[in-house]
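Engineer: Here it is, the structure in full.
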Amino acid sequence: MSTAIGLGMPEGPAPTLAPRRKTRQLFVGPVGVGSEHPISVQSMTTTKTHDVNATLQQIAQLTATGCDIVRVACPKTVDAEALPAIAKKSPIPVIADIHFQPKYIFQAIDAGCAAIRVNPGNIKEFDGRVKEVARAAGDAGIPIRIGVNGGSLDKRLLEKYGKATPEALVESAMWEASLFEEHGYGDIAISVKHSDPVLMVEAYRQLAAQTDYPLHLGVTEAGPKFMGTIKSSVAFGALLSEGIGDTIRVSLSADPVEEIKVGDQILQALNLRPRKLEIVSCPSCGRAQVDVYKLAEEVTAGLEGMEFPLRVAVMGCVVNGPGEARDADLGVASGNGKGQIFVKGEVVKTVPESQIVQTLIEEAMRIAEEEGLEAVEGAKAEVRVTK
């Protein structure tokens, strides 16, 4: 992909806030997990896993949105029996999510799943089965994620600490990892999730200081789309800005496609994933001389599906408008029923307000053609509000 587009996107490697924490390297199918690989975005299907067609359809939607790894629940025998077909036909690696019954771990491994996620706090007699699990996973050459959650912490640690403190989460994860290591198995990733972002961040900081296992970030039970996005963004931003985190899942009470969109944008905002289409638009302001909300939404919708590093400014007043539009690759400064169209800093035309959206789309396509880039269906636009 060309990086020759001028003003909006910086040339060369994008700066990050901190170097990645060094970890051991794992592979979930073809997807590398660890400090030598890009941070991956995960989600989890909401279908009944035993409904193979529905599950595969949702996996296809997640894949099209940019999901790297998908997790499927396996609470029943019928779900475990569906895993071979799902693992074989899924376009991205499948992680089996195992709770309560250890027998499903072995079925998932035999089914060809790319990894297993276990929650030791709620799997019956798990510690006594670690040797068997380690041998089966090692023979299959697949990693295991030890997932410790604040809401399902081992009873022994709840009694010791009184509640799911960061120290309790970390001790649980490290204890379970040590059991695997005793049997010569070290292909381990760890998550120590909590619904409170502050406790979650502290748990991951403590864990990162004690081990080199790759870490899967998550705020568990983060909430509905808006609240969950805020909580996850705050927690992930704090950790990723310190170089902590190798794969992420934004847990939302929403369509899992939304989880991928949010996760992708978090990584793009921190320059941990190449930026794509970015739309800069005015915030709420009495200076606006056009309906900038509607204009920004229409431009975003009109450019959706184009995947290349292009910054588009949609501005509605004379204060910040010309400057923001001039500093973007493509922009409009609107007012008095008209819009000045900027391309790489120069005004190329002035059009009536009714023609702004169509003109911006046409100019974006022209830039793409000139730069030898492609418009790809399924890409997402980032709406960045500026002051």
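Engineer: Which pairs do you get when a residue that is touching a residue at least 12 places away in the same chain (Cβ under 8 Å), found in segment 140-168, comes within reach of a residue that is aromatic (F, W, Y), reach meaning Cβ atoms under 6 angstrom, with the pair 6+ apart or on two chains?
Structural biologist: Note: pairs meeting the criteria are A168/Y161.
Engineer: Which pairs do you get when a residue that is within 12 Å of V347 (Cα to Cα), found in segment 323-336, comes within reach of a residue that is among the polar types (S, T, N, Q), reach meaning Cβ atoms under 6 angstrom, with the pair 6+ apart or on two chains?
Structural biologist: Hits for this filter: A333/Q340.
Engineer: Output the number of the condition that L17 fails; it satisfies all remaining conditions of (1) under 20 Å from the mean Cα position of the chain (by Cα); (2) at pLDDT 95 or above.
Structural biologist: Only one criterion is unmet by L17, namely (2).
Engineer: Between A189, A238, A203, which is in a helix (DSSP H, G or I) and surrounded by 20 or more Cβ atoms within 10 Å (Cβ to Cβ)? Write out each step before concluding.
Structural biologist: Values: A189 fails: in a helix (DSSP H, G or I); A238 fails: surrounded by 20 or more Cβ atoms within 10 Å (Cβ to Cβ).
So the residue among A189, A238, A203 that is in a helix (DSSP H, G or I) and surrounded by 20 or more Cβ atoms within 10 Å (Cβ to Cβ) is A203.
Engineer: While we're on this one: Quick one: count up the residues across segment 140-176 that are part of a helix (DSSP H, G or I) and open to solvent by 60 Å² or more (accessible area, probe 1.4 Å).
Structural biologist: Qualifying residue count for the region: 10.
Engineer: Confirm whether K261 is out of contact with any Leu (no Cβ under 9 Å at 6 or more places or on another chain), open to solvent by 40 Å² or more (accessible area, probe 1.4 Å), more than 21 Å from E297 (Cα to Cα) and not assigned by the TED database to the domain that holds V357.
Structural biologist: Details: out of contact with any Leu (no Cβ under 9 Å at 6 or more places or on another chain): yes; open to solvent by 40 Å² or more (accessible area, probe 1.4 Å): yes; more than 21 Å from E297 (Cα to Cα): no; not assigned by the TED database to the domain that holds V357: yes.
Considered against the rule, which asks whether it is out of contact with any Leu (no Cβ under 9 Å at 6 or more places or on another chain), open to solvent by 40 Å² or more (accessible area, probe 1.4 Å), more than 21 Å from E297 (Cα to Cα) and not assigned by the TED database to the domain that holds V357, K261 comes out as no.
Engineer: Among the numbered criteria (1) surrounded by fewer than 22 Cβ atoms within 10 Å (Cβ to Cβ); (2) assigned to a loop (DSSP other than H, G, I, E, B), which one does I230 miss?
Structural biologist: Only one criterion is unmet by I230, namely (2).
Engineer: Then there's this: For the subset of segment 117-139 comprising residues that are open to solvent by 60 Å² or more (accessible area, probe 1.4 Å) and in contact (Cβ under 8 Å) with a residue 12 or more places away in the chain, which member is farthest from P102 (Cα to Cα)? Walk me through how you get there before you give the answer.
Structural biologist: So in segment 117-139, the residues open to solvent by 60 Å² or more (accessible area, probe 1.4 Å) come out as 124-125, 128-129, 131-132, 135, 139.
Those still in the list that are in contact (Cβ under 8 Å) with a residue 12 or more places away in the chain too: 124-125, 129, 131-132, 135.
Values: K124: 7, E125: 8, R129: 8, K131: 12, E132: 10, R135: 14 Å.
So the residue we want is R135.
Engineer: I'm checking my understanding of the structure. Among residues of segment 77-112 that are exposed (fewer than 15 other Cβ atoms within 10 Å of the Cβ) and more than 26 Å from the chain's Cα centre (by Cα), which one is farthest from G138 (Cα to Cα)?
Structural biologist: V78
Engineer: Here is a follow-up. Tally the residues that are at pLDDT below 85, among the β-branched types (V, I, T) and open to solvent by less than 10 Å² (accessible area, probe 1.4 Å), restricting the search to segment 300-347.
Structural biologist: 0
Engineer: While we're looking at this one, here's another question. Is it the case that segment 34-48 has a residue that's free of Cβ contacts under 8 Å to residues at least 40 places away in the same chain and touching a Leu at 6+ places or on another chain (Cβ under 8 Å)?
Structural biologist: Filtering segment 34-48 down to residues free of Cβ contacts under 8 Å to residues at least 40 places away in the same chain leaves 36, 47-48.
Narrowing the set further to residues that are touching a Leu at 6+ places or on another chain (Cβ under 8 Å) leaves none.
No, because not a single residue in segment 34-48 is free of Cβ contacts under 8 Å to residues at least 40 places away in the same chain and touching a Leu at 6+ places or on another chain (Cβ under 8 Å).
Engineer: Next up: Confirm whether R71 is farther than 26 Å from D264 by Cβ and either open to solvent by 50 Å² or more (accessible area, probe 1.4 Å) or in contact with an Asp or Glu (Cβ under 6 Å, 6 or more places away or on another chain) (or both). Talk me through it step by step, then tell me what you get.
Structural biologist: Values: farther than 26 Å from D264 by Cβ: no; either open to solvent by 50 Å² or more (accessible area, probe 1.4 Å) or in contact with an Asp or Glu (Cβ under 6 Å, 6 or more places away or on another chain) (or both): yes.
Here the answer is no, as R71 does not meet what is asked.
Engineer: Between A111, A85, which is touching a Leu at 6+ places or on another chain (Cβ under 6 Å) and not assigned by the TED database to the domain that holds E304?
Structural biologist: On the way: A85 fails: touching a Leu at 6+ places or on another chain (Cβ under 6 Å).
Being touching a Leu at 6+ places or on another chain (Cβ under 6 Å) and not assigned by the TED database to the domain that holds E304 holds for just one of A111, A85, which is A111.
The values are calculated or read from the model by the stated rules, or taken from the named source; none is laboratory data. None of the values given here were measured: they were computed from a predicted structure. All Cβ positions, glycine included, derive from the backbone under ideal geometry; neighbour counts span all protein chains shown. Each accessible area value is taken on the protein alone, full model and side chains, heavy atoms only, with ligands, DNA and RNA left out. Shrake-Rupley method; radii C 1.70, N 1.55, O 1.52, S 1.80 Å.
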